[in-house]
Amino acid sequence: MKMKDSKKGLSTTVVIGAIVLVIIIVLAAWYLMAPKPKVKALIMGTTDSVETNIDPAEAYDFFGWEIIQATGCGLVQIKEGTPYGAGAKDVMPSLATKWSVSNDGLTWTFDLREGVKFSDGTEFNATHVKYSIDRGMSLAVPEGAFVGIGFSDIIDSVEVASKYQVKFHLKIPFGPFLSLMASPVAYIVNPKYAPFDKTVGYVEGDARASCPNDLGPYILTNWTRVAGKDYEMRFKANPNYWDKGLPKSEELIIKFYADATALALAIDAGDIDVAFRQLKASDIENFKTKTNVKVWEGTGAFIQYMIFQQKIKPFDDPVVRRAVAAALNRTAICRTVFLGQAANLYSMIPNGMMGHTDAYKKLGDANYSFTRSALGALGYSETNKLEIDLWYETSGHYPQSADQAAVIKSSLEASGVIKVNLHGLDWPAYRVKRGEESMPAYIYGWYPDYVDPDNYVYPFLHSSGSSWLHNNYANSQMDKLIEDARATADAATRESLYAQIQDLMVEDAPIVPLFQSSAWAVTKPDVTGVYLDISQVWRLWLLEKR
Amino acid sequence: MPMKRSMIARLLPGIASLARGGSAGKIVLIGSAIVFSIVLMTVLSPWISPYDPSAINVGPVISPPSKRFPLGTNHLGQDMLSRVFSGGGVMLQVAVLSAFFCLIVGVPVGLLASYSGGIADKAVSLVMDSFYAFPGLVLAIAIAAMLGRGTVNMALSIAVVYVPSYYRVVRSQVLTIRELPYTEAARAIGARERTILLRYVLPNLVGSIVVVATVNFADAILTAAGLTFVGLGVEKSIPDWGWDLTDGRGLLPSGAWWVITFPGVMIVLLALGFTLIGEGLSELLNPRLEQ
Amino acid sequence: MSLRSYVVTRLLLTIPMILLLLSIVFIVVRVLPGDPVLLHFEKHAKPEDVERLRQNLGLDKPLHVQYARYLVGIIGGDFGKSMQDFSPVAQQIFSAFPATLELAICAIVVAVVTGVLLGVRASRFYGSLQDHSIRAFGVVMYAIPVFFLGMVFQMVFGIGLHWFPTGGRIYPTLEPRGLLLNMSRPESGFLSTLLRSLPVGLVAAGIIYWLLRRRHVAFRARGLAICLSGFTICWLIFAALLWHYSGVGVFRLKTGLFTIDSILEGSPVKLVEALRYLFLPSLTLGLVLCGIFIRLTRSNMLETLRLDFVSAARARGLKENSVIYGYALRNAFLPVLTMMGLQFAALLGGAILTETTFSWPGLGRYLVDRINFRDYTGIQGAVVLFGLMVALVSLVVDVLYAYLDPRIRL
């Protein structure tokens, strides 16, 4: 039991209070009075994270590719600010200086750059190209980049013609081959850090062992994961990079934020210099009014579309499909859900890309008279409405799916002859249901594998597409058109073919494109080097702050 | 019969104090008033809402409170006032359903298991204890994820979490009553076990069960909100306060405070109402030493 | 029953509980709609590839084999490989765990301190306006959904006033900032290390002082000498250790509890930063739970304050504060202790929502993320760890209570 304090000596409370006070004053002085240290590195914040790893043979996510492009190098690259991509003038030399294709389109020859060194001093030559491509194709890991893009369906073999020349022998003539070689799947790996029979994953505490890429503008110096989630990545400039003068920033730090709110607050507070992916539409609108940040808008290549399950009545009837497509109101979606930060899309090929035509405009937006007459002919009316079960995902895999679904429901029901029931499922369950082919109508999205109209057409409108979309669409005429379009490299021929493909698409209406999102980045006012073009390449090496 | 009188005898001072304006009674009254007005508001919502709560774009998107929209609009242009009026329906249904499930499962199981004693009692107690000791939300999330969206599914997952509480309460009452003299006396005169259960034990449970049920209501509402926050609520076309909170979260950095505030306050009021009823009732039925 | 047999019985009872928990998780996770294998294949899913991954993840074996492997693995401490990113689950959950632990500890501290202080106050002024408003506060706080309170705090303190960050946790590689920025580098000198070790010395001195007071040593020359020597010794030893082991700007994640780590590292700056990130989440969670402690403390204090020894102490002329805090509270505290244990399960549940609201990288957020991917092993690992924590805490609390109150063991 405590006795009352004797008169001699200080009372307990006073002494403890004094100590605590001293500590607080010291800490406060320490903390408050000094300015924040000027960090040399450029700091970028993102809500993305590496989904699997940064191995070109396996990585198949946007962010993984972003890092591969920063730490690795390919034979060719897409020019920044390119207006549409995949044209001859948009592809620039990278590790290859010259290239040509044989007349039958089956052999591509690349002349390689000489005098480029790996980080360990070895000189880059054609054997490394063969190693990288062969490795990618042989690994064939589940949903690896090579599997997903269908590399092995296109390339037959890689031949080392001479020390600095490599030849690709293709199985089929493939017009977009250059775009494919510019995509991160074809990037060169360092054989020392990329075993031929295994993919390279995250290694705790060892950034070099986690990164099989080399020759790129940056070197990964630090990669931290906490509780299975990416925490931070650090990079420093690669002295051996072939393009002297790049990267623009000596050091780069990427910080990972858990959600859009945290990211928005971070860029607002000035904790980071660049915020890229994914900010909410309302945050971006808010930032446009602020002076402490700069908002960059660019072309997006992400599209969303609605799919009809042709196995389920009445969606086996193209008249019904077209009628529903006509009742959609894309403008409402873009304006309400995305506050104008997305664009109406009337074709599977995005706006701004070669071959795009506003095909679905023929059916119109909120074209209720068309819908009513078309459905009326089949017996649907105000008293006998067409009932649609519309499914969407709820895990945030696509931006604001639930809101899109709500807007779609309201615009379809405004026609007066349609009733929509909404069903949301989280992503894993949604995937399973897709395979079960039990959803009459569902919403999906797409990021390009490589920047070419073929990548927006082949996976969806070719009959092989239904192997993964599961919508059971097959039209042999469409198949022939698509195969012809991808076989040739001649732009004019391809354009006319794609126009035909899109017209046929509107007649069959198996899929209805909804919108194309814009790309956004928010940075501090003194940051330059932001290029948001159709190639979707986020060029970390061009970012610079004054 | 002695047990009936004993329960009423216990309630009498409470009711008397209600009449006198005793604090316990006051609390119950306040709580009931809150709950009643919210229920009334929800029931009347189709008539008092100025707009259809699910209709999108009735007003400009994310606009602050104004004359036309006293509580503002959310990111889909829906009127927040209408959504506040009708958003309580889901929570109330979930609360009532979960209490119902708990009652039809927890009470019979508790009665039978604890009354028969022996291995059945120990085994069921073990199972119930493992459920009880476990973080409720995790269990609710797991089961809700399993069953999918919808009011009934949410109620089921909440019920699974709360059945152990009912079980415990029933069990402790049963164990006490089983040893009481009049129960033994009843057995001595040859009354059947079932009669004893139904006419002696059960009526005495009512008081405690009512208290547990009201606490269950309050917790069910909070858990339902939590489940919705994690994405496992009802289908989004149904207006629900929980969804408003979840959606409004992303609007905070741009300064749109009104989307989460009003639905949030309503949830607090509803949970508070039930809690007050529960507190008041428990004081009435088990008066504390300080009285 | 002796204490030992009670402990043994409790331990034995815990084991079937854990087994039951493990089994329930195993079943529930596999009943969830959704297939983790399929989620790895967005488009071209060749059947051979799918089958290969399924074998890789062990999902092709019949259920009872999977179950047996799972149990054997857990007993051996192997939580398996995550089905989402193929890293060892043990590594992930044990790096997420300290974050949740830190949050839980701080929240309980907030809840208990606020609850007890307010409860004592309410009991002292029984029947007054203060009493009623404190009770109302407790009840209202409990009725607030924890994530709503969190969002309100984020709005007001984070976005509105910019006093606190609205989410996340301090970065391990935080750059130091402060007056002595340059002196924080090991090259720059022993002086900075000495300064940074000062708080440790002060804390040691404080502890020694308190111990002396407890043993009724009057604070005169001898007491002062003991304190000063304790201070100097601890200060210098810690400075030497710090000097030996220091590296600038990089946490050696010793405990994973950043507040403790920053003290160990001698960096008050990082301590302040860590506390800044920790403040709002723990305040949210703590306030929501304090209502229970208010009610408990108040009713126990009311009982205790009427007992004879309290009146006796007052009659002897002790100050009111000493009476309340010295005598009465001590006796009323035991139930609070057990309530802390009982609330632990609720705390963990609330922690999940708090972690999601504040993007706190803990076990709760890990669990929610993994559920979204149907990562069976990850979910199982996280849930089992949750269960073990709860079981451990309740075991400790029960044993402690049995030790302190022999009536329970009968």
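So how many Å³ per residue does the convex hull of the Cα atoms of the stretch A:180-247 work out to?
Numbers: hull volume 7.8 nm³, N = 68.
Per residue, the Cα convex hull of the stretch A:180-247 comes to 114 Å³.
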Rounded, prolate or oblate: which fits chain A when a ≥ b ≥ c are the square roots of the eigenvalues of the alpha-carbon gyration tensor, with rounded for a/c under 1.5 and prolate only if a/b beats b/c? oblate
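If we count every other residue with Cβ under 14 angstrom of C:GLY349's Cβ, Lys/Arg +1 and Asp/Glu -1, where does the sum land?
Values: positive: C:ARG365; negative: B:ASP219, C:GLU355.
Result for the local shell: -1.
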Which listed residue (B:PRO46, C:LEU38, B:VAL127) has the Cα farthest towards the positive end of the charge dipole for the protein assembly as shown, taking +1 on Lys and Arg C-beta and -1 on Asp and Glu C-beta about the Cα centre? B:VAL127
Amide proton proximity set for A:ILE155, modelled H, under 5 Å, gap of 5+: A:LYS171
Packing rank of B:76-88, A:193-205, where each peptide gets the mean count of other beta carbons within 10 Å, highest leading: B:76-88, A:193-205
Per residue of the stretch A:535-546, what does 6.51 cos²θ - 1.76 cosθ + 1.60 with θ = phi - 60° give for ³J(HN,Hα)? Whole Hz please, x for Gly and Pro, Karplus curve as stated. 5, 6, 8, 8, 7, 4, 7, 9, 6, 8, 10, 6
Which value in deg cm²/dmol, rounded to the nearest 500, describes the helix-derived mean residue ellipticity at 222 nm for chain A, given -39,500 (n - 2.57) per DSSP H run of n ≥ 4 and division by the residue count? -9000 deg cm²/dmol
Just to be sure I understand the rule: take each whole DSSP H helix in chain B, project its Cα atoms onto its long axis, keep it if the span is 20 Å or more and its mean Kyte-Doolittle hydropathy is at least 0.0. Which ones pass? B:2-20, B:23-48, B:88-116, B:118-133, B:151-179, B:202-229, B:258-285
What shape does the stretch A:487-546 have by the C-alpha gyration tensor, where a ≥ b ≥ c are the square roots of the eigenvalues, rounded means a/c under 1.5, and otherwise prolate means a/b greater than b/c and oblate the rest? oblate
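Which order do the peptides B:239-247, C:34-42, A:529-537 come out in when sorted by mean C-beta neighbours inside 10 angstrom, highest first?
Values: B:239-247: 24.7, C:34-42: 20.0, A:529-537: 21.8.
The most tightly packed comes first, giving B:239-247, A:529-537, C:34-42.
For the stretch B:18-289, what class follows from the C-alpha gyration tensor (a ≥ b ≥ c being the square roots of its eigenvalues): rounded when a/c is under 1.5, otherwise prolate if a/b is larger than b/c, else oblate?
Values: a/c = 3.10, a/b = 1.99, b/c = 1.56.
Here the stretch B:18-289 falls in the prolate category.
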Cα-Cα pairs of the protein assembly as shown separated by more than 61 Å (percent): 19
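Return the average number of partner chain Cβ atoms within 10 angstrom of each residue Cβ along peptide A:219-232. Present the calculation step by step, with values, prior to reporting the outcome.
Working: counts 0, 0, 0, 2, 0, 3, 5, 13, 17, 17, 8, 0, 7, 3.
That works out to 5 on average.
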Which residue fluctuates the most in chain B, going by a Gaussian network model with Cα springs under 10 Å, if the choices are B:ALA224, B:ALA186, B:ALA159? B:ALA186
Anything in chain A that counts as a DSSP H helix reaching 27 Å or more along its axis (C-alpha) with Kyte-Doolittle mean of at least 0.5? List them, would you? A:12-32
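If you rank A:MET439, A:MET92 by fewest surrounding Cβ atoms within 10 Å, what's the result? Walk me through the intermediate numbers first.
Numbers: A:MET439 22, A:MET92 13.
Taking fewest neighbouring Cβ atoms as first place, the list is A:MET92, A:MET439.
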What whole-number distance in Å separates the alpha-carbon centres of the stretch A:335-393 and the stretch A:399-455? 13
Across bins of 10 angstrom width beginning at 0, how are the C-alpha pair distances of the stretch C:1-44 distributed, in whole percent? 22, 25, 21, 15, 10, 6, 1
Ordering A:353-366, A:101-114 by per-residue average of other C-beta atoms within 10 angstrom, highest first, gives A:353-366, A:101-114
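Every read-out reported here was derived from the displayed coordinates using simple, explicitly stated rules and does not represent laboratory data. Everything quoted here is computed from the prediction, not taken from an experiment. FYI the Cβ positions are ideal-geometry reconstructions off the backbone, even for glycines, and counts take in every protein chain you see.
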